[in-house]
Each structure stands twice: as C-alpha cells, then as structure tokens.
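Have a look at the structure below before the remarks.
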Amino acid sequence: MILTIAISGYRSLRNLVLPLDRLTVVTGANGSGKSSFYRALRLLADVAQGRAIASLAAEGGLQSTIWAGPEAFSRGMKDGSVPLQGTVRKNPVALKLGFASEDYGYAIDLGLPVPPPPPSYFSLDPVIKAEAVWAGEVLSRRNAFAERAGPAVTVLSARGQRQVLIRDLPSFESMMTQSADPKNLPELLYLRARMNGWRFYDHFRTDPYAPVRQMQVGTRTPVLSSDGADLAAAVATILEIGDAAGFHAAIDDAFPGSTVEITQDRGRFELLMLQRGLLRPLSTAELSDGTLRYLLLVAALMTPRPPSLMVLNEPETSLHPSLLAPLSRLIMRACDRSQLIVVSHADELVSALEAEGKAMMVMLSKVLGETVAGDIEAPGWNWPAR
C-alpha cells in the first residue's frame with residue numbers, strides 16, 4: 001500500500017506531501033487543486049511507461065505546468081502586509097513527483113536544460129535531473145539502492161558497495177524504464193510493474209457516439225479500459241470468472257428490480273438492462289448517461305483482477321443523487337481488494353464515504369494560490385539530490 005504521495009512544483013501544488021490510507025477521499029472547493037492532484041498522480045504513473053515527458057508536453061510543457069508563484073512566501077506576504085512579488089530564485093526550476101509504500105519508494109525530479117541545449121526540434125522538452133529508488137518510507141543515503149544524477153545511474157551492489165550501472169542515460173529516459181534489469185536491479189523491475197498496474201478512471205464518455213454505446217468485438221476482459229468501450233466484455237468476464245452474485249447485487253442496490261445481461265452475436269458483445277416496469281431490456285444506446293456511467297463504475301470496481309491502486313476522478317459526474325449512496329457502498333467493498341483514491345466535489349458522496357469511518361479525508365484549499373491540505377500533518381519526506 002502507498003503510504004505517502006509527494007508533489008512539488010506542479011501547477012498549484014508548490015509542496016504537497018500527503019499520507020494515504022486504504023481509502024483516501026480528496027475533496028475541496030472548485031479551483032482548490034483537486035484536478036492538479038489527480039493529474040500529478042497520472043503523470044507519476046506515466047514515468048513507469050516512459051511517457052512522462054510526452055504527457056507534460058500534452059499539457060503545454062514544463063513552462064506551462066510549473067508552479068507560477070513565488071519560490072517562497074515571506075512572513076509579510078502571508079499576513080498581507082507585503083504584496084505578493086517575485087523573489088530571487090535560490091533553487092533551479094523543478095517539478096518533483098514521488099511516493100513511498102510499505103516496502104519501496106520512488107521519486108523523480110524534472111527540470112530545464114542547463115546550459116541551454118544546442119538547436120533542436122525538442123529544445124522545449126524537460127530533462128530528468130534526478131531519480132531515486134529506496135527501501136522504506138523515507139529516502140536516505142543508507143536505504144537508497146538506485147540513484148540517478150544527470151546521466152549516471154548508481155546502484156548498491158550485493159556487497160553493499162555503490163557502483164555505476166549506467167554512465168550515459170539520456171536526459172529524456174527514466175532509469176525506471178532503462179535500468180530495470182532482473183539480474184542487476186530486480187527491485188526496480190518489480191516497482192515498475194507495480195506502477196504499470198495502477199488504474200485511473202476519469203469521466204467515461206457516454207455521448208451518443210461513444211464507443212460504449214455500440215456493439216463491440218469482445219474477448220475476456222478482466223480490466224475495464226480507461227474509456228469504458230469494452231464494458232460488455234468486462235461485465236461478461238465478471239459474470240463468468242468474477243463475483244457474479246456481487247455484481248447483480250450492486251445493480252439491484254442502485255436500480256431495485258433491474259437486471260443486466262450480455263448477449264453476443266458472432267463475437268460482438270452487447271449489454272442489455274431490464275428495468276422494473278419495462279417490457280423489454282434497453283441497450284446501452286438507450287440508457288441515460290447516469291445509468292451508463294454507474295454500470296461503468298461497477299465494472300471498474302468489481303474487476304476480477306484488482307490492482308494495487310485505483311484512482312477515481314469525480315466518479316459522481318452525471319449520476320443522480322440517489323446513486324451516490326450505492327456508489328459509496330461499492331467503493332467501500334472495492335477497497336477491501338485495492339487501495340483507492342477518490343477525488344470528488346460531491347458533498348453527498350464524500351459524506352457517505354466519511355460516515356463509514358474507514359476513509360482518510362483530505363480537504364484541499366488554496367492559500368495565496370498554493371494548494372494546501374488543511375490540518376493534515378505531512379509525513380517525513382526527502383527528495384533525491386541533483
């Protein structure tokens with residue numbers, strides 16, 4: 001289980017270090033930084049797949065995503081006696097992401113090229129300045145078994161000695177993808193595989209032309225895709241090798257008297273829902289946005305292959321208020337099998353999850369443009385040195 005998430009220099013997250021629990025609910029007013037927190041988590045997951053720099057480019061590059069406020073706040077700025085103003089920068093531009101779990105931790109530091117690079121098509125790309133993988137919750141010199149500073153990757157040998165594994169790692173390549181060797185560094189390979197298994201669900205498409213509303217060719221699908229296009233195949237997989245009784249109970253909890261079935265014609269799958277009072281079942285093309293989104297959430301949360309971490313971003317979107325209590329019960333059952341982070345601004349859903357007494361509640365707010373987490377005490381954290 002992930003115990004700590006750390007984000008520094010990303011949008012409004014100037015320096016946010018949060019503890020996590022089995023179920024963590026992140027909420028706050030509009031503009032408090034919830035979306036930035038969610039996107040930072042996705043960016044961290046992209047590192048393991050070698051997509052972090054491309055993902056940053058899609059957001060406008062490092063120059064558009066870096067913290068835009070002062071490097072530090074003076075006492076006068078905080079009490080309002082001195083207007084906000086730029087200060088002399090003491091540290092280089094940096095966007096840092098990291099996490100620590102019960103066994104391993106990882107952090108990455110991205111920055112700008114220094115000195116300016118020669119002319120290149122990719123001169124706006126950020127570069128990876130430092131990385132570290134360590135054992136335990138907080139990075140230290142004693143527990144780091146792989147460190148990257150510039151182009152060099154140093155690892156801890158079986159004899160406890162530090163040796164250079166790679167001397168010329170390109171600035172756009174993470175050691176997570178280039179140094180994961182089952183012989184020299186099996187821990188890094190294990191950590192990358194775990195991060196690759198993290199799942200993110202964010203605003204399923206349910207418009208009239210969404211793929212989920214069309215019949216789709218289906219194969220066994222233990223993991224619902226991020227866009228939900230393979231809903232029918234995912235539900236069929238749950239009914240065949242997963243918790244079929246639990247699935248039907250979840251449907252009845254939200255839509256009393258309703259049932260869901262899957263039909264297939266020459267390998268093309270279709271989901272049908274028979275609702276109480278109707279004479280025929282409705283296809284996904286006929287279902288309301290809210291009903292379809294709820295079915296997608298059921299398929300995601302009841303996966304026969306639960307991940308180590310699942311992140312839901314505003315799962316309440318388009319749902320009728322009557323569905324929020326069933327959704328909260330579904331989430332509570334899912335966190336018995338996976339660690340969950342739920343980012344939400346729906347008071348009804350947040351209150352329902354809080355009432356269970358098992359969720360860590362994180363209330364984000366803005367102070368002088370910076371996202372802060374209220375009275376939550378930040379865990380210990382150290383960033384790798386450049």
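Brief remarks follow.
- Residue match in the stretch 271-291 (condition: modelled with pLDDT of 95 or more and closer than 21 Å to residue 23 by Cα): no
- Test: residue in the stretch 158-168 that is of a type in the set (Lys, Arg) and buried (at least 16 other Cβ atoms within 10 Å of the Cβ): no
- Looking at 305, 329, just one residue is assigned to a helix (DSSP H, G or I) and of a type in the set (Lys, Arg), and that residue is 329.
- Failed item in (1) in a loop (DSSP other than H, G, I, E, B); (2) within 17 Å of residue 273 (Cα to Cα); (3) open to solvent by less than 60 Å² (accessible area, probe 1.4 Å), with residue 247 passing the rest: (1)
- Residues considered: 127, 138. Of these, the only one that is under 17 Å from residue 53 (Cα atoms), among the β-branched types (Val, Ile, Thr) and touching a Phe, Trp or Tyr at 6+ places or on another chain (Cβ under 8 Å) is 127.
- Residues satisfying the stated conditions in the stretch 124-138, i.e. closer than 26 Å to residue 112 by Cα, open to solvent by 30 Å² or more (accessible area, probe 1.4 Å) and not in a loop (DSSP other than H, G, I, E, B): 129
- Neighbours by Cβ (under 6 Å, 6+ apart or cross-chain): first from the stretch 192-209, of a type in the set (S, T, N, Q); second open to solvent by less than 30 Å² (accessible area, probe 1.4 Å): 196/48; 206/292
- Just so you know, in the stretch 312-326 the residues that are in contact (Cβ under 8 Å) with a residue 60 or more places away in the chain and part of a loop (DSSP other than H, G, I, E, B) include one that is farthest from residue 42 (Cα to Cα), and it is 318.
- Residue within the stretch 366-373 that is in contact (Cβ under 8 Å) with a residue 12 or more places away in the chain, surrounded by fewer than 16 Cβ atoms within 10 Å (Cβ to Cβ), among the aliphatic types (A, V, I, L, M) and over 30 Å from residue 251 (Cβ atoms) present: yes
- Across the stretch 181-197, the qualifying residues are those that are closer than 19 Å to residue 53 by Cβ and open to solvent by 20 Å² or more (accessible area, probe 1.4 Å), and the one among them that is modelled with the lowest pLDDT is 192.
- Looking only at residues in the stretch 291-304 that are of a type outside the set (A, V, I, L, M) and open to solvent by less than 10 Å² (accessible area, probe 1.4 Å), the one that is nearest to residue 328 (Cα to Cα) is 294.
- In the stretch 43-68, residue most open to solvent (accessible area, probe 1.4 Å) [restricted to those that are small (Gly, Ala, Ser) and under 16 Å from the mean Cα position of the chain (by Cα)]: 50
- Criterion applied to 178, 214 was being under 15 Å from residue 296 (Cα atoms) and open to solvent by 20 Å² or more (accessible area, probe 1.4 Å), and the one residue passing it is 214.
- Hits in the stretch 250-273 - residues which are open to solvent by less than 70 Å² (accessible area, probe 1.4 Å), under 27 Å from residue 321 (Cα atoms), out of contact with any helix residue (DSSP H, G or I) (no Cβ under 8 Å at 6 or more places or on another chain) and not in a loop (DSSP other than H, G, I, E, B): 272
- Annotation: residue 239 fulfils all but one of (1) out of contact with any helix residue (DSSP H, G or I) (no Cβ under 7 Å at 6 or more places or on another chain); (2) modelled with pLDDT of 95 or more; the unmet one is (1).
- Residues of the stretch 217-230 classified as under 20 Å from residue 315 (Cα atoms), of a type in the set (D, E, K, R) and surrounded by fewer than 20 Cβ atoms within 10 Å (Cβ to Cβ), total: 1
The values are calculated or read from the model by the stated rules, or taken from the named source; none is laboratory data. Quick caveat: nothing in here was measured; it's all calculated off a predicted structure. Methodologically, a virtual Cβ is constructed for each residue, glycine included, from the backbone with ideal geometry; neighbour enumeration extends over all protein chains shown. Only protein heavy atoms, including side chains, enter the accessible area calculation; ligands, DNA and RNA are left aside. Shrake-Rupley method; radii C 1.70, N 1.55, O 1.52, S 1.80 Å.
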